[in-house]
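The structure appears below as structure tokens.
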Amino acid sequence: MNYIDPHIHMVSRTTDDYQRMAMAGCVAVTEPAFWAGFDRVSPQGFDGYFRQLTEFEPSRAAAHGIDHYCWLCINPKEAQDLTLAREVIGMIPAFLDRPNVLGIGEIGLNKNTKNELIILEEQIALAQRHDQLILVHTPHLEDKLKGTRLILDAIRRNGSIDPARVLIDHAEEHTVGMILDAGHWAGMTLYPDSKCTPQRAVDIIETYSHHRLVMNSAGDWGHSDPLSVPQARMEMARRGHNRDTITDATLRNPAAFLGQCDKFQLQTSLD
Amino acid sequence: MTNPRSSCPMTYRQAVDTYFLEHRSKLIDVAAFLDRLDRASDQQKPAQEDHRVAALRNAMSILLDGQPDRAKRVLEQLSDPSRSPTDTTSPPASGAHHDTQDQTTP
Ligand SMILES: [Zn+2]
């Protein structure tokens, strides 16, 4: 059964992971620009990273029959340095026409600071000016509720963003309702020991039964599992959900959100 | 929008059979964690209980109140309720909101 992982950091994963994901039915990934585990020392570091996301990773994925798309931004953690952040934002438009770039992301908040919020607003404006989809990162722990509220307010304040063109990620039980109510898409990140387990993500799907819900692994350099979306499919099957519901949650829903960008062309059927 | 009733295809009995052992184990893990704190080498007094442990104890009452949306309410109880962006000096996230005004332990 085919699936899409709409949030995974393949630059941090091995070629063996691509192979295992392909064998598990992965047909497409979308990779947001993020914090690499250490702070980059100059804007040039981001230029290299953006080229890796738009040139090297697509070819590595294609070798396993997986379509690779990406999102570009200055991530919230490194957005604390306003000067660096603005230099990076200035570099992004030159990359937006590349064939695998779907939009701006993962922007958002990390520690809910004033500087992070300033850069978030500037990147929402960047997306609006260039008519880009938006992928949003929300904080991970006791700061998630507050961060999600601040992010929803910032998008609303912009006034020109179609909420259905924004996916807000790392949603959990206490934030998914407000994200959907605002008209956005909500992503649930399946992590072994923080964020959502596959079981809880399926609980949320059962509770909200909403087409604007997607699941991702957010696989990266930390504790994470690039096969967690197929794990969630197995969890749905174990509970007795039918094949159609499982395909909606893991293939058709993400394809509907991502397909709002013309560049997203799935090479496979949605059945 | 929420549709919590009958949205899980499993019967009550099937869900218990499937998940009971896993969650029995998680509950015993929490109990053993609290026992481990009792054996800590510095024998810290309960009056100086770490805000994260206090938050866990408080959240446990939600499991016993018989009301729905337990996971959501536990997460809300652990969350920072403030609304304004912070300065850069704020401490890193710990997993449980630490309100300095809440620190006085009875
Ligand atoms: Zn990410």
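Of everything listed in (1) under 22 Å from A:Leu141 (Cβ atoms); (2) over 18 Å from the mean Cα position of the chain (by Cα), the single unmet condition for A:Leu120 is (2). Summed over the range A:124-141, the residues that are open to solvent by less than 10 Å² (accessible area, probe 1.4 Å) and among the small types (Gly, Ala, Ser) give a count of 1. For the range A:51-60, the criterion of being under 23 Å from A:Asp262 (Cβ atoms), in contact (Cβ under 8 Å) with a residue 40 or more places away in the chain and among the basic types (Lys, Arg) is satisfied by no residue at all. Scanning the range A:199-227 for residues that are within 13 Å of chain B (Cβ to nearest Cβ), open to solvent by less than 20 Å² (accessible area, probe 1.4 Å) and under 30 Å from A:Asp16 (Cα atoms) returns A:Ala201, A:Val202, A:Leu213.
Of all the residues in the range A:13-46, those that are acidic (Asp, Glu), touching a Phe, Trp or Tyr at 6+ places or on another chain (Cβ under 9 Å) and open to solvent by 30 Å² or more (accessible area, probe 1.4 Å) number 0.
Among A:Asn110, A:Asn75, which is open to solvent by 30 Å² or more (accessible area, probe 1.4 Å), within 18 Å of the chain's Cα centre (by Cα) and not hydroxyl-bearing (Ser, Thr, Tyr)? A:Asn110 is the lone residue from the list that is open to solvent by 30 Å² or more (accessible area, probe 1.4 Å), within 18 Å of the chain's Cα centre (by Cα) and not hydroxyl-bearing (Ser, Thr, Tyr). For the range B:83-100, the tally of residues that are facing another protein chain (nearest Cβ under 7 Å), under 20 Å from A:Asp81 (Cα atoms) and either small (Gly, Ala, Ser) or assigned to a helix (DSSP H, G or I) (or both) stands at 2. One residue stands out among those in the range A:1-12 that are open to solvent by less than 10 Å² (accessible area, probe 1.4 Å) and under 24 Å from A:Leu270 (Cβ atoms): the one that is farthest from the ligand (Cβ to nearest atom), which is A:Tyr3. Scanning the range B:37-60 for residues that are surrounded by fewer than 10 Cβ atoms within 10 Å (Cβ to Cβ) and in a helix (DSSP H, G or I) gives B:Asp38, B:Ala47, B:Gln48.
Scan the range A:144-155 and tell me whether some residue there is over 14 Å from the mean Cα position of the chain (by Cα), assigned to a loop (DSSP other than H, G, I, E, B) and either more than 10 Å from chain B (Cβ to nearest Cβ) or within 16 Å of the ligand (Cβ to nearest atom) (or both). Within the range A:144-155, not a single residue is over 14 Å from the mean Cα position of the chain (by Cα), assigned to a loop (DSSP other than H, G, I, E, B) and either more than 10 Å from chain B (Cβ to nearest Cβ) or within 16 Å of the ligand (Cβ to nearest atom) (or both).
I need the full set of residues from the range A:240-271 which are surrounded by fewer than 15 Cβ atoms within 10 Å (Cβ to Cβ), within 14 Å of another protein chain (Cβ to nearest Cβ) and in a loop (DSSP other than H, G, I, E, B), in order please. Within the range A:240-271, A:Gly240, A:Asn242 meet the criteria. On inspection, A:Ala237 does not qualify as assigned to a helix (DSSP H, G or I), more than 14 Å from the ligand (Cβ to nearest atom) and in contact with a strand residue (DSSP E or B) (Cβ under 9 Å, 6 or more places away or on another chain). The selection criterion, being within 14 Å of another protein chain (Cβ to nearest Cβ), charged (D, E, K, R) and buried (at least 23 other Cβ atoms within 10 Å of the Cβ), does not hold for A:Glu121. Does A:His174 satisfy being at pLDDT 95 or above, more than 12 Å from chain B (Cβ to nearest Cβ) and touching a Leu at 6+ places or on another chain (Cβ under 9 Å)? Taking the combined requirement at face value, the residue does not satisfy it.
The helices (runs of 4 or more DSSP H) located wholly in the range A:13-122 that include 1 or more residues which are away from the ligand (no atom under 16 Å from the Cβ) and within 25 Å of A:Gln265 (Cβ to Cβ) occupy A:15-23, A:43-51, A:57-62. In the range A:218-241, the residues that are within 24 Å of A:Ala33 (Cα to Cα) reach residues that are open to solvent by 30 Å² or more (accessible area, probe 1.4 Å) and part of a helix (DSSP H, G or I) with C-beta atoms within less than 6 angstrom, at least six apart or across chains, in these pairs: A:Asp220/A:Ser12; A:Trp221/A:Ser12.
The values are calculated or read from the model by the stated rules, or taken from the named source; none is laboratory data. If you're wondering where the values come from, they're calculated on a predicted model, not measured in any experiment. Using ideal geometry, Cβ is built from the backbone for each residue, glycine included, and neighbour counts are taken over all protein chains shown. When the accessible area is computed, the model is the full protein with side chains, heavy atoms only, and any ligands, DNA or RNA have been set aside. Shrake-Rupley method; radii C 1.70, N 1.55, O 1.52, S 1.80 Å.
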